[in-house]
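The values are calculated or read from the model by the stated rules, or taken from the named source; none is laboratory data. Because the structure is a prediction, the values reported are computed rather than measured. Here the Cβ positions follow ideal geometry from the backbone for every residue, glycine too, while neighbour counts run over all protein chains shown.
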Amino acid sequence: MSDNTAKNTAKHTAKALVLPVALLVAFEVWARATHLQSDSLAAPSDVVRALAEAFADFSILIATRDTLFSAFTGLAIGSIIGLALGIAFGLSNTLNRLMEVTVEAIRPIPSIALLPIALIALGFGYRMEIVIVAFACVWPILILSRAAVRSIEPRLMEVSRALRLPAAQRVWKIIIPAALPRIFVAFRLSAGIALIVAVTVEIAINPIGLGAGIMLAQQALRADLMLAYLVWIGVIGYALNIVLVVAQRRLFGRAALSGDSA
Amino acid sequence: MKAQVKAQVKAQGTANAQRQFDPVAGHPTPQVAFADVTLDLGGKTIIENLSLGVQPAEFLCIVGASGCGKTTALRLAAGLYQPTRGKVTFDGQPMREPRREIAIVFQDYGKALLPWRTAAGNVSLALEAGGMPAAERPARIEELLRTVGLPGHAGKYPAEMSGGMQQRLQIARCLAQEPKTLLMDEPFGALDAMTRQGLQDEVLSLVAASGVTVIFVTHDLDEAIYLGDRVIGLLPHPGRIGIELPVNLPRPRDQLSTREHPEFLRLRRQLFDFIKATEQ
């Protein structure tokens, strides 16, 4: 039975791969036939070779480390701030109303628009990038964790009141576990945003990481290397999402289960 | 042998008679008292001029048609609501917020238990709230789970337990508070008849053993008479006391003989007539 479904999934995956593989092959054949000379396109085989070279001289690995370091540090800082504010706003209606205008005024600012200010204040490097990533990550976490806290089963809040749980224990033992499945969804969303913003900052101005790597390849008229970076960034984004989806299933399988049957 | 059993039953009977509340003799200070309590919620008067005293170790049942404010009255007693006018007191002190001496068993056990904690973890929550050191908790948790008939289920999650077991677990968590007053909001309303009868008898023996005061809200009139020392019927819109019946049935109660007792049938008739009249 499960063997069969595994076979079926494999079949589906194979079918889904037919079109992209065929396109790549066709492109390769066309590039070879026309002796493609371009600043923006390169034959797939050249892209793969460039990627292998970038791995061999560690340049893409160093760039990956820089980008992921900035993205994850910014994500962590933004998540903590967003979570703290989200829980506070979710619990206190007064605080929420007091801050609503401020939040709605700051939130629509595109994070990348902070770049000039951040550059003057912090200069080139990790710090500036981390601050911008953190700013971008605060909002989804804040908004979604506020909603998650508000939708906690009111009976659980009554139980915590009736048991006279101290405020810190109430947050730690009731609110965070009850809201965690939805907070994690927000975290997944923010992780994607963190990667996008980090690469964008690097492309725009910051001379580190994958974004800077792609810009350097472009300026050197190395279309193959540029596309190699692009493919690699896609692979990282894809892998990041898979890791988080698996983590979500592992962590909240039981919570989701009990929520369904209750 | 027979005489021994008889003597035991008799001794139990007198013990129960002692804890049975006598409404005429009364008690100088009620444990839970409502003094002219009115509660408005959302511009509607839910409860109006409710005055009520519950004596220590009394088992008071509150019945009434749906929407008559019986659950609201219980929440006022728990300190989860504050009265608009009047005063709710516990041991003579005004109730401004929930207290550890008052435990509440909710009807919807599925929502009142933490789904991410095991049975032991759910009981532990009440002990943690009371500041019991971690080293002392496991023994106490095991004892409480045994008391409510859940030994060997400590590692199960609520979702893995039946409705009856989940409600036992919620009762265990309430007992972990070592309450002086136990508030129960239609605790067996969602359970099947057999499970309900079993739990009724278990609650009676738990209460007899601990001497805790109980306010028990139910819409099941038979249940109210079977369990209570006194039954209060509420009138709806707004909620106020419509009938008050002392239950002079011998204890320990028995599912068959108590329910066949002429006094039981008389009270049942009286209560049914009252409820029927309120519904018209």
Restricting to helices (runs of 4 or more DSSP H) lying wholly in the stretch B:52-146: which have 2 or more residues that are within 10 Å of chain A (Cβ to nearest Cβ), more than 15 Å from B:A172 (Cα to Cα) and at pLDDT 90 or above? B:70-78
All positions within the stretch A:22-47 that are assigned to a helix (DSSP H, G or I) and exposed (fewer than 15 other Cβ atoms within 10 Å of the Cβ): A:A22, A:L23, A:L24, A:V25, A:A26, A:V29, A:W30, A:R32, A:A33, A:T34, A:S45
Would you check which residues across the stretch A:163-172 are assigned to a helix (DSSP H, G or I) and either of a type outside the set (A, V, I, L, M, F, W, C) or away from chain B (no Cβ under 14 Å) (or both) and list them? A:Q169, A:R170
Using the structure shown, decide if A:A54 is within 18 Å of A:G237 (Cβ to Cβ), assigned to a helix (DSSP H, G or I) and more than 20 Å from the chain's Cα centre (by Cα). yes
Residue within the stretch B:145-159 that is closer than 26 Å to B:K44 by Cβ and surrounded by 20 or more Cβ atoms within 10 Å (Cβ to Cβ) present: no
Picking from A:L195, A:L221, A:L244, A:L240, the residue that is away from chain B (no Cβ under 14 Å), surrounded by fewer than 16 Cβ atoms within 10 Å (Cβ to Cβ) and not aromatic (F, W, Y) would be A:L221
Would you point out which residue out of B:L169, B:L204, B:L199, B:L182 is surrounded by 18 or more Cβ atoms within 10 Å (Cβ to Cβ) and in contact with a strand residue (DSSP E or B) (Cβ under 7 Å, 6 or more places away or on another chain)? B:L182
Given (1) within 13 Å of chain B (Cβ to nearest Cβ); (2) in contact with a Gly (Cβ under 7 Å, 6 or more places away or on another chain); (3) among the charged types (D, E, K, R), where does A:E158 come up short, assuming only one miss? (2)
Considering each residue of the stretch B:151-165, count those that are more than 14 Å from chain A (Cβ to nearest Cβ) and under 20 Å from the mean Cα position of the chain (by Cα), and give that number. 1
Quick one: which of A:I120, A:I152 is over 29 Å from A:R182 (Cβ atoms) and either within 17 Å of the chain's Cα centre (by Cα) or not aromatic (F, W, Y) (or both)? A:I120
Residue set A:A14, A:A84, A:A105; condition loosely packed, with under 10 Cβ neighbours inside 10 Å and of a type in the set (A, V, I, L, M, F, W, C); output residue A:A105
List the helices (runs of 4 or more DSSP H) inside the stretch A:70-162, counting only whole elements, that have at least 3 residues being at pLDDT 95 or above, farther than 30 Å from B:Q177 by Cβ and out of contact with any Phe, Trp or Tyr (no Cβ under 7 Å at 6 or more places or on another chain). A:126-150
The conditions are (1) touching a strand residue (DSSP E or B) at 6+ places or on another chain (Cβ under 6 Å); (2) in contact (Cβ under 8 Å) with a residue 40 or more places away in the chain, and A:V138 fails exactly one of them. Which is it? (1)
